[in-house]
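The values are calculated or read from the model by the stated rules, or taken from the named source; none is laboratory data. Computed from a predicted structure; not experimentally measured. Counting neighbours? That spans all protein chains shown, and the Cβs are built from the backbone with ideal geometry, glycine included. Heavy atoms of the whole protein, side chains included, go into the accessibility calculation; ligands, DNA and RNA do not. Shrake-Rupley method; radii C 1.70, N 1.55, O 1.52, S 1.80 Å.
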Amino acid sequence: MKNGILICVLALLLAACQQSTVYVFSENLQDEQRNQLDAALKAQSLPYEYVELAIPSEFSEATLLLSSDKIYPKETEKLATIMQGLGYEPQVNYSTRSNHFYGDGNIGFYLKNAVAGTTFVMPKKLRTTQCSEDKYNDLAVKFANEHVEFTLPSGAIVRLSWEYLYGYVVIYYKNYSQTYSHSRPLINTPFGAKPSDTYRFTAHVNNPNWLDCSLQIVYMD
């Protein structure tokens, strides 16, 4: 009887030790993207570990590397959904590449921001969203090389200066500024989820209230 109990305990321990793990590699993600990624990983069912190693250059921006000996379809679909929620289209691979190999159902999760380190390009036309006051939502915002124009509800156009600084968009108004962090989430529309460029304001301002908004463009095509 004791031997039977011991065998059962060993079997349970072995099963626990063999539980598949998601190994997470990330490069050049912005703070908001990292926070969204961590929250999403905590919500899925598999254990995960962050790995501080470079992602092979031939990998796409979003890659899932699966072990061919054991595949978890539901869990893999959830991980792919996490990538899509961050604005990426995942690529799924099943073979050994660049010495990154997985067995026993383990999964490699690779996510890199290819925009970082390259020339920054600001969309020319956006709309305000997530404003503190609803009447300032959906205002037209137009960016040029050094200036940005806000079309207010009255029709008046306010022209301000802006720049891209240390990974943030900064708009200057009088003696202070509003700063925006960039992400690329999928946005639900009547035509399904569509990619976007979203610039979320990082601090609340009391005046002018139309600067207390995020900026967004949704790509419908």
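Given a Förster distance of 25 Å, report the FRET efficiency between Asp31 and Leu160 from their Cβ-Cβ distance, rounded to the nearest 0.05.
Between Asp31 and Leu160 the formula returns 0.55.
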Item to check | Förster-model FRET efficiency, 35 Å R0, Glu75 and Thr179, C-beta, rounded to 0.05 | outcome: 0.40
Next on the checklist: If I take every Cα pair under 8 Å that is 6 or more residues apart in segment 128-201, average their sequence separation and divide by the length, what percent do I get for the relative contact order?
Outcome noted: 16
Checklist entry - Looking at the chain, which longest stretch skips every one of the GluC sites (Glu not before Pro) that is in a DSSP loop with at most 12 other Cβ atoms within 10 Å, leaving the sites themselves out? => result 147-221
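Find out how many positive minus negative residues lie around Tyr72, taking Lys and Arg as positive, Asp and Glu as negative, among other residues whose Cβ is under 15 Å from that of Tyr72. Let's see the in-between values first.
On the way: positive: Lys70, Lys74, Lys78; negative: Asp69, Glu75, Glu77, Asp104.
Surrounding charge for Tyr72 is -1.
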Next on the checklist: Angle check, please: helix 73-85 long axis (alpha carbons) against the longest principal axis of the chain (alpha carbons), in degrees 0 to 90, nearest 10.
Outcome noted: 20
Next on the checklist: To check my understanding: the extent here is largest minus smallest coordinate of the Cα atoms along each principal axis. What are those three numbers for segment 154-221, in Å, largest first?
Outcome noted: 41, 34, 19
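Quote the convex hull volume per residue of the chain, based on C-alpha atoms, as a whole number of Å³. Could you put the intermediate results ahead of the total?
Values: hull volume 40.7 nm³, N = 221.
Expressed per residue, the convex hull around the Cα atoms of the chain is 184 Å³.
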Checklist entry - How large, in percent, is the carbon and sulfur part of the accessible surface of the chain at a probe radius of 1.4 Å? => result 54
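Could you tell me which chymotrypsin sites (Phe, Trp or Tyr not before Pro) in segment 158-188 are loop residues by DSSP with no more than 11 other beta carbons within 10 angstrom of their beta carbon?
On the way: sites: Trp162, Tyr164, Tyr166, Tyr168, Tyr172, Tyr173, Tyr176, Tyr180; in loops: Tyr166.
Answer by residue number: Tyr166.
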Checklist entry - Within the chain, what's the longest stretch lacking trypsin sites (Lys or Arg not before Pro) that sit in DSSP loops with no more than 14 other Cβ atoms inside 10 Å? => result 1-69
Checklist entry - Say we join alpha carbon atoms closer than 10 Å with springs in a Gaussian network model of the chain; which of Pro208, Pro123, Pro56 then has the biggest fluctuation? => result Pro208
Item to check | Angle in degrees between helix 2-17 and the longest Cα principal axis of the chain, rounded to the nearest 10 | outcome: 30
Checklist entry - Which value in nm describes the separation of the simple spin-label points at Asp134 and Gln91, placed 7 Å from the Cα toward the beta carbon? => result 4.5
